[in-house]
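Chemist: Encoded as structure tokens, here's the structure I'll be asking about.
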Amino acid sequence: MPVLENIGNLIDCPAEVPSGHLLKVEDAALVWDNSRILWKGPRRDLPARFAQMQRVDAGRKLVIPGLIDCHTHLAFGGWRAKEFEMRALGRSYLEIARSGGGILSTVQATRVATEEELLSKCLGHLRAMVRLGVTTVECKSGYGLDKPTEFKLLRVYRRLKKCQPLKIVPTFLGAHAVPLEYQSDRQGYVQFLVEEMIPAVAAEALAGFCDVFVEESSFTRSEARRILEAGSACGLRPRVHADQLTDGGGAALAAETGASSADHLEFISQEGIRALARKDVVAVALPLASLYLGSKPMPARKLIAAGVKVALATDFNPGSAPSCHLPLAMSLGCTMLGMSPAEVLRAVTLHAAQAIEMQDSIGSLEPGKEADFVLIDAPDFTHWLYRLPPSTVAETYLGGVKVWDSSEGN
Ligand SMILES: [Zn+2]
């Protein structure tokens, strides 16, 4: 039963603290046992029953809850640096997609990659993420678009759960794009997803969520509704890639289908914002995609003003967001989305946990929750986001076990 003490500042945003505010405890201590938090508070108030426990010195560092990246496309074959160059020369995302690039080029590379190759590449990404203070990662399939490859991706996620420490939350995204072999038979692909793929994924418990890319270049609202309802019928909770490139009514669909989150929302309408607020659907901001595509960001202030819970994630993928740097996305949350540092911390902890329906076990440092936390070498949270110097995450803990220590360089 260790006691982490000599914490410079413990920063948290539990549900009882109003949005836009942080709970800040100076000279704090944190106690956990068997992976769960038992107590937190000022060191001087440490209960006597913990006095004889093993002490761990935080060296006056900042302690925050483990960061949750609630939207990634972690497993994929190849990269798409050429498209980065094409966009720099003025071609749009949709133009590149229509000319055979985009998602479908990654589908080709992913179909030929072996499961071992994909696993080893994912392990590299996760090692980079834990050094940035990330402790939970939502991972979508969607670069297979056929049964063997979608299953290969989901099996990689199942193996990752067992062979490395970060928490992995798999999502089935067979409705990422219509694959080349179904280009003249869209309805055939939707039918394949609804009648074959979704029941098979659910039967093997390979994913907890079903996601659909609702966009001009991917799936219409009515196709998406059919897919999400089929997922729900099999116990896969709905999530939606909504209103990224155009206002396709994806946010309203997310609300109608009871989705746990609507993600992107760069072009969300006022009506869509009201729908999310009514149904308490978490809006997931993905500012790295806006940065890379040179497009406008989600109107986070309008969503927050309407009472929508805003989360924030990387959207890590080889096309529109080839960086898994969640702290950078958090900094962009302040500079591009106009969110305060307090709103940003909540967006990558408690709200991100709600987006993946894990708010009862992670997302804040409260007794009973997992002891997932990060030690940061910065005087306070705002200072960290403002400067974002390299390697400021000193230590990362998952379930009370240290899984990254910068001083050991492992
Ligand atoms: Zn995405």
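Computed from the coordinates by the stated procedures, all read-outs in this text should not be read as laboratory data. What you see is a predicted model, and the numbers here were worked out from it, not measured in a lab. Methodologically, a virtual Cβ is constructed for each residue, glycine included, from the backbone with ideal geometry; neighbour enumeration extends over all protein chains shown.
Chemist: If the limit is 32 Å between Cα atoms, which of 82/147; 147/296; 147/302; 140/296; 121/369; 40/296 go over it?
Modeler: Correct reply: 147/296; 147/302; 40/296.
Chemist: Right, something else. How big is the charge dipole of segment 1-144 about its Cα centre, in debye rounded to the nearest 20, if each Lys and Arg gets +1 on its Cβ and each Asp and Glu gets -1 on its Cβ?
Modeler: 200 debye
Chemist: If I build a Gaussian network model for the chain, linking alpha-carbon pairs within less than 10 angstrom, which residue out of 240, 134, 112 has the largest mean-square fluctuation?
Modeler: Looking only at 240, 134, 112, the biggest GNM fluctuation is shown by 112.
Chemist: For the chain, set up a GNM with springs between Cα atoms under 10 Å and report which of 326, 291, 303 has the largest fluctuation.
Modeler: Its mean-square fluctuation being the largest, the pick is 291.
Chemist: With helices defined as uninterrupted DSSP H runs, which ones in the chain have an alpha carbon span along their own long axis of at least 20 Å and mean Kyte-Doolittle hydropathy of at least -0.5?
Modeler: Going by DSSP H runs, the hits are 115-130.
Chemist: Note down the Stokes-Einstein diffusion coefficient of segment 352-410 in µm²/s, whole number, using a Kirkwood radius over alpha carbon pairs, 25 °C, and 0.890 mPa s.
Modeler: 190 µm²/s
Chemist: What does the extension gain come out to for residue 162 and residue 147, with contour length at 0.36 nm per residue minus their alpha carbon separation?
Modeler: 3.1 nm
Chemist: Treat each spin label as a single point 7 Å out from the Cα along the C-beta direction, and report the residue 391 to residue 33 distance in nm.
Modeler: 3.7 nm
Chemist: Next up: Most fluctuating residue of 373, 76, 192 in a GNM of the chain with Cα springs under 10 Å: which is it?
Modeler: Sorting by GNM fluctuation, first place goes to 192.
Chemist: Turning to a different aspect of this structure: Quote the charge dipole size of segment 78-149 about the Cα centre in Debye, to the nearest 20; the model charges only the Cβ of Lys and Arg (+1) and of Asp and Glu (-1).
Modeler: So the magnitude is around 180 debye.
Chemist: Explain nothing, just the number: dipole magnitude of segment 168-251 about its Cα centre with +1 on each Lys and Arg Cβ and -1 on each Asp and Glu Cβ, in debye rounded to the nearest 20.
Modeler: For this selection, approximately 240 debye.
Chemist: In addition: Residues in segment 167-187 near a label at residue 82, defined as backbone nitrogen under 17 Å from the 7 Å Cα→Cβ point?
Modeler: No residue qualifies, since no backbone N sits under 17 Å from the label point.
Chemist: Also, quick follow-up: Please report the relative contact order for segment 300-410, taking Cα pairs under 8 Å with a sequence separation of at least 6, and give it as a percent rounded to a whole number.
Modeler: 19 percent.
Chemist: Starting from the alpha-carbon convex hull of segment 307-410, give the projected area averaged over all orientations, in nm².
Modeler: Approximately 7.9 nm², given one-decimal rounding.
Chemist: Calculate the FRET efficiency for residue 45 and residue 200 from the Cβ-Cβ distance with a Förster distance of 60 Å, rounded to the nearest 0.05.
Modeler: So the FRET efficiency works out to roughly 0.70.
Chemist: Right, something else. Kindly rank 279-290, 63-74, 390-401, 217-228 from highest to lowest mean number of other beta carbons found within 10 Å of each residue.
Modeler: The densest-packed peptide leads the list: 63-74, 279-290, 217-228, 390-401.
Chemist: OK, next. What value in Å³ per residue do you get for the convex hull of the alpha-carbon atoms in the chain?
Modeler: Once divided by residue count, the hull of the chain is 129 Å³.
Chemist: Would you mind getting me the FRET efficiency between residue 52 and residue 184? Use the beta-carbon distance for r and R0 = 60 Å, nearest 0.05.
Modeler: Here the calculated transfer efficiency is 0.25.
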